[in-house]
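Data block below; observations after.
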Amino acid sequence: MATLNILIAVSLSYVALLFLVAFIAERLAVRGQARWLRSPLVYTLSLSIYCTAWTFYGAVGYAARSGLEYLTIYIGPTLVMVGWWWALRKMVRVGRAQRVTSIADLISSRYGKSTILAVLVTLMAVVGTTPYIALQLQSVTLSFAAFAGSTEGTPLSDSRSTALWVAVGLALFTVLFGTRNLDANERHHGVVMAIALEAVVKLFALLAVGVFVVWGLSGGIGPMLEQIDASEIGTWQIEGGRWAGLIFLSAAAFLSLPRMFQVLVVENDNEDHLKLASWAFPTYLMLMSLFVVPIAVVGLNRLPPEANPDLFVLTVPLSEGQTGLAMLSFLGGFSSATSMVIVAAIALSTMVSNHIVMPIWLRVAHGGAMVSGDVRNLVLLSRRLSIAAVLLLGYLYYRFSGGGAALAAIGLVSFAGVAQFLPAMLGGLFWRGATRLGALAGLMVGFAVWTWSMLLPSFGPGAILSEAVLAQGPAGIAWLRPQALFGIAGLDPLVHAILWSISLNTLAFVILSLLSFPSPLERLQGAQFVNVFQHSASPQSWAGGGAQSEDLLIMAQRILGPREAQALFQAEARRQGLAGYLPEPSPDFLNALERELSGSVGAATAHAMVGQIVGGASVSVEDLMAVADETAQMMEYSSQLEAKSAELTRTARQLREANEKLTALSVQKDAFLSQISHELRTPMTSIRSFSEILRDTEGLSQQDKGKYSSIIHDEAVRLTRLLDDLLDLSVLENGQVSMNIERGMLLGVLDHAVAATSGTERLTITRETEGERIALRTDLDRLAQVFINLIANAQKYCDAEAPELRIAVRDGAREIAVDFIDNGSGIPRDKQDVVFEKFARVSDQKAGGAGLGLAICREIMLRLGGNVAYLPGQGGAAFRVTLPKSAGSVM
Amino acid sequence: MSDLDGKAGSKSERTPGRAPVFLERSTYRRRRLIDGLRMLPVVGALLWAVPMLWSETAATSTAILYIFGIWAGLALIAAVMARHVDVQAYDPDQNSNRDVSETDM
């Protein structure tokens, strides 16, 4: 009894150690000091959950029964690991890029986020894994019983209670460390660390037993090999089909077992870890299997024939009195069993909770706004319940299958079951043409064939399938015999089941994929999976599509409260330019919503919640189009900006020009003022001085008086004229003048002008009156004013000996040109530009006027729709007056 | 431009050891290393398939030596290859999946 108590104490302290390790690891991870926790070595060790109690104990039993065939179970994974560049690397990349949480998630998201697929895979995984968990419970129970029985001679009163306690303990551990966080990528540092420790323990235990057996009992390698050859498994008795089939099966199972997927893909946080694992894990497997045959041979030789070969690892040291070694061995087996159950329970509970419980809850629990935090609890609760349920299922399976030999076979049955995921998974990773229908069909066909040809017969004849069905097929249909499908008998049952289930699975998958047409989302997901190396290197954010805004609103209301949720949705809808409460579920919005939700329920839950409603949708065509639109909009916006900037530049230039003009005008105004004061002062000075003379000088002669008075009068007239001109100009310039449009002949206007200026006879005017008979419709008086001014100028400034003015009229197509050309010296070139400016005078010596005449002329002509310009190169001063032909277009 | 390219090409052909050639060489090595990585499981599978041909008279001890010998060899080669391969730098599957047309819909 003392030994048993010690065993119990050791087991309990070992369990306590595991709890402690997991706890510390979680603590470190929370503090961010978990770098060494995520080393490639820990990753490699965590893969060792592949070696369950079935391999720890069962491999020796397997070897004792079938020789080296047990190696196939390790060779398959070795090939997969060594060939990591083919499949594993891609799986890990996809898993990281798509935030995959389980194998069900991977398959469902590859095929357009299909919920049906997720549910199907989850159910299949549960069915395939439950017996396996039962197997672990059995192995722990058996080893415990063996220990107790061999030391005390009496078996434990109730081995079932051991199994129950183990199940409860495992459930507790898994719930504590497996559902601690709802991390987006479902990583569990504590669990992984504990598993790594257990990996070391079980390897060390098996090696210790092996070393003891080889060197302690058999006297070294040479004698050991001789002993092996001499034993009943001393020759190669393996059928080629089984050898190849089992290698394939174990390789397939290695990739598709939910628990392996969990540690390989989900818990992986760096692809580089694969590099170490690619050779270290095969080495681990090699070491695990190295001493299996020696232990089996020694067990067969030394132990009584009725001893269970499945427990040789334990019973050989015990029979040799090595209790300490046996205890280590027990711990190794215990580690193998517990680590497998923990990870399997986590993987299954994640799948069950994410793909079955949550969708059902979201569908059923529609009514009532729930308080915040509610959903987080719900997810955790559903995980925990799922873990408990999975373990309970395992326990019940163990309980009702009654343990024993039937259960030992379940390992391979389970492998073959989960291997059915392989075609859909690999097909999805490497073949763009794989479709949801194909995957569904493949999985269902494979699962059905597996159930019929492997699972049901595994319970033994008469258990579920009657002997008659096994022998003759259902209802006597021979080609449906479970172990001889299509009437082909003689195959090894295992090879038969693997061959038909996998090949029919693949066939259905391929044919339906070829025949069906995938949805856009499926095709995009397919492209993202198959071309994962070209596409994404980082976890992607939400990109909505399938989501219904209303569902999102309902969910958000439950978590955030109705008012906040509605406000959030309304604001977003307004931002998108929509009325009401339902915005388009754009990627931006989904991200924002997820962030908002994570404030209440944590990031992972929010991600999961949005994922549930979005159907985990990643990208849809609409999104791509939206992205394209966005790009287009940005380009448009930027071109708008460019246009605006160009416009601004233009405006600035205009402003600068305007400013320059204003400055120039200001200068001009100053000049004008000084000019006008000067112009006004000159006559005023004359008037003042002569009026002073008239007033103050006594005895002025009448003649002088008359002379002075006429000077004053002349100056006053000049002043008046100047003021008239100024007034005239200002009126013209301000556009306040109204034109008096009349009909008339150009001839008449010119006659009037010439007559008005004929006071002096000095100027000879030459005209061609025939050409002047042109009808006009304009302000004749104003036009005459211009002509008079031009003729007067010629009179005043023409410096020729015999001044002569030629008036030439030219009737053009569009306009009438009237040229006034004199025979003087003309206007110097540098003055030509300024003669039309106010107060511009060509020379000072002939200060006949104020210099406003031409300015007025130009204003008048502009008003009349024509122009007056200096015409150079005519031999004298020449001005051309142009009038529009219609001559009526007065502004 | 084309002239420049032509010169660079001929130079690299004539004088191996210059920097650009070195780069090409390392890329080439990397590609071949990955070819090797891809081949490794195939080789392993073929070698491990040999026992299927054995007759029933083959001794278990010989079988153990053969199978475990392959095992150790594979692990060793895989370790050497893994040491030199760069998972992140290589963006692969260059010949497959070039068909982009399927994404257009």
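Computed FRET efficiency, Cβ-Cβ of residue A:507 and residue A:649, R0 41 Å: what is it to the nearest 0.05?
In this case the efficiency is close to 0.05.
Leaving out ligands, DNA and RNA but keeping every protein chain, what accessible area does residue A:661 have, in Å² rounded to the nearest 10, with a 1.4 Å probe?
Answer for residue A:661: close to 140 Å² accessible.
Quick one: ranking A:93, A:523, A:829, A:65 by accessible area, 1.4 Å probe, largest first, what do you get?
Descending accessible area places them as A:829, A:65, A:523, A:93.
Would you work out the relative contact order for region A:740-884, in percent, from Cα pairs under 8 angstrom that are 6 or more residues apart?
23 percent
What nm distance separates the two modelled labels at residue A:707 and residue B:50, each placed 7 Å from Cα along Cα→Cβ?
It works out to 14.9 nm between the two label points.
Can you pull out the buried accessible area for chains B and A, both sides counted, probe 1.4 Å, rounded to the nearest 100 Å²?
So the total buried area for this chain pair works out to about 4100 Å².
Is the C-alpha gyration tensor of region A:676-781 telling us rounded, prolate or oblate? Criteria: a/c under 1.5 is rounded; beyond that, a/b larger than b/c is prolate, otherwise oblate.
Oblate shape, in that a/c is at least 1.5 and b/c is the bigger or equal ratio.
Considering only C-alpha atoms, what is the centroid distance from region A:276-300 to region A:448-468, in Å?
If we compute the Cα centre of each part, the gap is 33 Å.
Can you list the residues of region A:276-304 with backbone N under 15 Å from a point 7 Å past the Cα of residue A:211, pointing along Cα to Cβ?
A:287-288, A:290-291
Determine the order of A:54, A:500, A:431 by accessible area, beginning with the largest, at a probe radius of 1.4 Å.
From most accessible down to least: A:431, A:500, A:54.
Kindly identify region A:1-103 as rounded, prolate or oblate by the Cα gyration tensor criterion: order the square roots of the eigenvalues as a ≥ b ≥ c, call it rounded if a/c is under 1.5, otherwise compare a/b with b/c, prolate if a/b is larger, else oblate.
Oblate, since a/c reaches 1.5 and b/c is not below a/b.
Once fully extended, how much extra length lies between residue A:670 and residue A:810, figured as 0.36 nm per residue of separation less the alpha-carbon to alpha-carbon distance?
Gain on stretching residue A:670 to residue A:810: 46.4 nm.
Quick one: if the Förster radius is 41 Å, what FRET efficiency do residue A:31 and residue A:571 give, using the C-beta to C-beta distance and rounding to 0.05?
0.65
Near residue A:334, within a Cβ-to-Cβ distance under 10 Å, what is the net charge of the other residues, with Lys and Arg +1 and Asp and Glu -1?
For residues surrounding residue A:334, the net value is 0.
So between residue A:65 and residue A:475, what do we pick up on full extension, going 0.36 nm a residue minus the alpha carbon distance?
Between residue A:65 and residue A:475, full extension yields an extra 144.1 nm.
Tell me, what is the FRET efficiency for residue A:834 and residue A:640 to the nearest 0.05, using R0 = 51 angstrom and their Cβ-Cβ distance as r?
Computed FRET efficiency for residue A:834 and residue A:640: 0.65.
Using a 1.4 Å probe on protein heavy atoms, which residues of region B:34-52 have at least 10 Å² less accessible area in the complex than alone?
B:34, B:37, B:38, B:40, B:41, B:45, B:48, B:51, B:52
What pairs from A:90/A:275; A:669/A:885; A:661/A:831; A:669/A:796 go past 25 Å between their alpha carbons?
In this structure, A:669/A:885; A:669/A:796 lie more than 25 Å apart at Cα.
What distance in nm separates the simple spin-label points at residue A:723 and residue B:27, each placed 7 Å from Cα in the Cβ direction?
9.4 nm
Just subtract the alpha-carbon distance of residue A:756 and residue A:862 from 0.36 nm times their residue separation and send over the number in nm, one decimal.
35.9 nm
The values are calculated or read from the model by the stated rules, or taken from the named source; none is laboratory data. The structure presented is a predicted model; accordingly, all values stated were derived computationally and were not measured. Using ideal geometry, Cβ is built from the backbone for each residue, glycine included, and neighbour counts are taken over all protein chains shown. Remember, those area values only see protein heavy atoms, side chains included, never the ligands or the DNA or RNA. Shrake-Rupley method; radii C 1.70, N 1.55, O 1.52, S 1.80 Å.
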